[in-house]
C-alpha cells in the first residue's frame, strides 16, 4: 500500500517506515514485525534466566537441607557455591534485555520533570545511546574474558568446571542486550522525530 506524500504523513518520510495491515507502522514500534521479534527474543531470554534462577534456588535448598542433615547421612551438593555463581551470572544478564526494553530501570526525574516533552524525548535518546555503549562495552569485555579463561584453562576449585563457561553464558545475555539496546535507541529516535510520547512502562521514577 503506497502512502501519498504529505508533510504530516510519516510513511512518506522514508524514516524506517513500513506499511503493515493497511496502516503505517515504524519498524521501531512495539507492534511492528521487528518490534515483535525483539520483544520475543528479550522475553524468552528472561524466561531462560527465570528457569535457571529457579533451578539454582532449588539446588541451594537441597544443599542446605543436606548440610543440616549430615548427621542423617545426607550431604550438601558438591560445588554448590560454584554453581550458584555461574547460574546467577547468566540469570542477571538474561533479565537485562527485558528490563531495558520495558524501561524497568529506576529513573531519576526530579530535574527533568520540569523540562518539556520535547526536551525529555531527546534526553531519552541520549540515555539510550549511553546504554547501548555500556552494553557493547560489557559484551566486548566478556568476550575477551571468555577467551582468556579458555586459553589459560582456568577451572573452579571443586567441580573443575571451566570458568569460560560462565563467561560464555553471560555473553549470550550481553549480546542480546546489545541488540535490544540498539532497537530501543531506534524506538526513542522514532518517537523524538515524530514528536510522540512514548507509552509509560514499568520503570520506577524517583
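FYI, it's all coordinate maths here, none of it is from the lab. As the structure is a computational prediction, the values presented were derived from the model and not from experiment. Note that each Cβ is placed from the backbone with ideal geometry, even for glycine, and that neighbours are counted across all protein chains shown.
Taking the number of other C-beta atoms within 10 Å as the exposure measure, put 82, 154 in order starting with the fewest.
Neighbour counts put them in this order, fewest first: 154, 82.
May I ask for log10 I(q)/I(0) of segment 10-194 at q = 0.13, 0.18 Å⁻¹, from a Debye sum over the Cα atoms as equal point scatterers with solvent left out?
Result of the Debye calculation: -0.81, -1.16.
In what sequence do 100, 39, 105 fall when counting other Cβ within 10 Å, fewest first?
Ordered by Cβ neighbours within 10 Å, fewest first: 105, 39, 100.
Just the ratio, please: alpha-carbon radius of gyration of segment 86-187 over 2.2 N^0.38 Å, N its number of residues.
Normalised by 2.2 N^0.38 Å, the Cα Rg of segment 86-187 equals 1.35.
Taking the Cβ of each residue in 77, 47 as the centre, tally the other Cβ atoms inside 10 Å and list the residues starting with the fewest.
In increasing order of surrounding Cβ atoms, one gets 47, 77.
Mind ranking 124-130, 163-169 by how tightly packed they are, going by the mean number of other C-beta atoms within 10 angstrom, highest first?
163-169, 124-130
Per-residue counts of other Cβ atoms within 10 Å, averaged by peptide: what ranking do you get for 180-192, 56-68, 111-123, highest first?
Most protected by this proxy first, the peptides run 180-192, 56-68, 111-123.
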